[in-house]
Amino acid sequence: DHGLSEADPEVCEIISKEKDRQYKSLELIASENFTSRAVMEAVGSCLTNKYSEGLPGKRYYGGNEYIDELETLCQKRALAAFHLDENEWGVNVQPLSGSPANFEVYTAILNPHDRIMGLDLPHGGHLSHGFMTPKRRVSGTSIYFESMPYRLDESAGLVDYDMLEKTATLFRPKLIIAGASAYPRDFDYPRMRKIADAVGAFLMMDMAHISGLVAASVVADPFEYCDIVTTTTHKSLRGPRGGMIFFKKEPVLGVDLESAINNAVFPGLQGGPHNHTIGGLAVCLKHAQSPEFKAYQDRVVSNCRALASRMIELGYKLVSGGSDNHLVLVDLRPLGIDGARVEKILDMASITLNKNSVPGDKSALVPGGIRIGSPAMTTRGFTEKEFIAVADFIHEGVQITLEAKQLVKGSKLQDFMKVVTSPDFTLLNTVSD
Ligand code: PLP
């Protein structure tokens, strides 16, 4: 049995190039992070070899004594990491990722074509919260359920709770979903709870982006108000790629969430759990209870604030005017430039972030903003000083994008990309080291 470099030099080489890219670039994608060596060791272990359909003590395969021990430990650590009482909350640690976790919740508590309300994707929500366009039901969550998204108040850049309340009163959803992929502020859980109660809906929070911040108590606690909380495990929580579903143990609206959710995960939508991921997740959740993790999350937030303040000083407009969490959303439209072009130019300078729609955008392919996150570079040791420098680099990139746009005849994105990727394009050489 050979190691990777001998068994498959081709794949080994690709991994090595990707490792180099991750090491050398400024990683500012808000949903990414660098997990620990200990987590990666567990993910790369023999746990991947084992089938264990079912739950600890109730498996469909033999040989699961250690897997049972592992999954039980992972569940206990998950509840402890989020300060939950085992008598009040349960957790399923088997979801393969965030989108499956959400779909599993929907199939657990809803019937096909029941109504759901989540934050609209162009306003910061996630695909799996029921995304559809006027022409197409894009996400499976809008194909199998009837979705009526709520939105932001465009001028304030904040969730329009009054409109959510009005729409919910008419639409009468069975589920209201809090949580987002590009929202720089906390959700108002007490207000959402009140709206859900008034219309007889479940309230779920998808805390994927901020679960590390929730564990460290640096943002509001969704568990105080929600019936169900889902999360990915690989973003601010800094674990392996995976998902979790937390549920109240007491029945809600007459539904036993524990059995409904466990059955939706298996046998409803999944087969065997990915035990290597559960191993990595257990390692991550031990670390998430440490003082170092709390200090890390404090820095994620203070670094993001430093970045936001510098962008404002440099004259940029931020959606909602700032940030309470790990990300900022910059509205580039006042400069006459879009997020797609800026993303491309910054990518060429090894600054990795993503174009993002901002409230009022017409096009999702050429959106008017960029999203910048602090978790990954905070893991790499960046402090406020470095994040201020990051803002200055981004500013240089925006200036270059504006100059490059001038050079391109016609303003088509494709023409722009052709020009900036040609060997004759030298503007980038002017970027600071
Ligand atoms: N929920 C939110 C809020 C997200 O931002 C994401 C991913 O970015 C997901 C769910 C989906 O997670 P996954 O990509 O693991 O399916």
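No lab work stands behind these numbers, since they all come straight from the coordinates. Quick caveat, the model's predicted, so the values are computed rather than measured. Virtual Cβ from ideal backbone geometry, glycine too; neighbours counted across all protein chains shown.
Structure above, values below:
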| read-out | value |
| --- | --- |
| For segment 316-397, with +1 on Lys and Arg beta carbons and -1 on Asp and Glu, the positive-most of 368, 330, 383 along the dipole | 368 |
| Likely footprinting exposure, 323, 99, 309, 155, fewest C-beta neighbours within 10 Å first | 155, 309, 99, 323 |
| Helix-derived mean residue ellipticity, 222 nm - over the chain, DSSP H n ≥ 4, -39500 (n - 2.57), to 500 | -12500 deg cm²/dmol |
| Size of electric dipole in segment 264-398: Cβ of Lys, Arg +1 and of Asp, Glu -1, about Cα centre, debye, nearest 20 | 180 |
| Calculated on alpha-carbon atoms, Rg and Dmax of segment 131-171 in Å | 11.9, 33 |
| Top of 343, 224, 165 by mean-square fluctuation, Gaussian network on the chain, Cα under 10 Å | 224 |
| Gained length - residue 68 relative to residue 253, 0.36 nm times residue gap less alpha-carbon distance | 63.5 nm |
| Ranked 344, 24, 249, criterion: other C-beta atoms within 10 Å, fewest first | 24, 249, 344 |
| Cβ charges +1 (Lys, Arg) and -1 (Asp, Glu), total dipole of segment 234-311, debye | 480 |
| With Cα atoms, 0 to 90° folded angle of helix 98-109 axis to the chain main axis | 40 |
| Listed residues 342, 200, 293: farthest to the positive end of the dipole of the chain (Cβ charges) | 342 |
| Taking only Cα atoms of segment 128-202, radius of gyration then Dmax in Å | 12.5, 34 |
| Positive-pole candidate from 48, 245, 176, dipole of the chain, charges at beta carbon | 176 |
| Cα centroid separation, segment 9-68 to segment 284-324 (Å) | 27 |
| Cα gyration tensor shape for segment 1-150, rounded if a/c is under 1.5, else prolate or oblate | oblate |
| GNM top mover of 28, 175, 407 - the chain, alpha-carbon springs below 10 Å | 407 |
| Unit Cα scatterers, Debye sum, the chain: log10 I(q)/I(0) for q = 0.08, 0.09 Å⁻¹ | -0.47, -0.60 |
| Proximal lysines relative to residue 194, as straight alpha-carbon distance under 16 Å, when same-chain residues fewer than 8 apart are discounted | 166, 174 |
| Percentage of interatomic Cα-Cα distances in segment 305-433 larger than 20 Å | 42 |
| Within the chain: Cβ-based charge dipole about Cα centre, in debye rounded to nearest 20 (Lys, Arg +1; Asp, Glu -1) | 880 |
| Overall Cα dimensions of segment 34-117 - principal axes, largest extent first, Å | 42, 31, 29 |
| Span from the segment 331-356 Cα centroid across to the segment 385-400 one, whole angstrom | 12 |
| Residue among 373, 254, 339 with the largest mean-square fluctuation in a Gaussian network model of the chain, springs linking Cα atoms under 10 Å | 254 |
| 252, 319 arranged by Cβ crowding within 10 Å, fewest neighbours leading | 252, 319 |
